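K.L.:
I have a structure here, written as structure tokens, and I will follow up with some questions on it.
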């Protein structure tokens, strides 16, 4: 399941800086997560990196994008075809 950012986000940019899938997009008015790029850090880390850096707890699971761990890993492989998964 991909993550999403709620309307309570203050657009600090901390989560976008650490996203290695470049799934977190910042605009002038908002920050959002591209569900086609979010793997919950499956493939690269043992836990998601964006959630702990969000001081306002605005990153939550997106109920509209439910995926299994295997599906998330396959998505990661498509995004990083030359790398070997680590998680």
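K.L.:
With a point put 7 Å past each Cα toward its Cβ, work out how far residue 20 is from residue 68 in nm, to one decimal.
P.N.:
A separation of 2.4 nm, rounded to one decimal place.
K.L.:
Given the rule -39500 (n - 2.57) for each run of at least 4 DSSP H residues, summed and divided by the residues of the chain, what is its mean residue ellipticity at 222 nm, to the nearest 500 deg cm²/dmol?
P.N.:
That comes out to -5500 deg cm²/dmol.
K.L.:
With the Cα gyration tensor of the chain in hand, convert its eigenvalues to equivalent ellipsoid semi-axes via √(5λ) and list them largest first in whole Å.
P.N.:
So the equivalent ellipsoid measures 22, 13, 11 Å along its semi-axes.
Read-outs throughout are calculated quantities, based only on the coordinates presented, and are distinct from any laboratory measurement. Because the structure is a prediction, the values reported are computed rather than measured. Ideal geometry is used to build each Cβ from the backbone, glycine not excepted, and the neighbour counts take in all protein chains shown.
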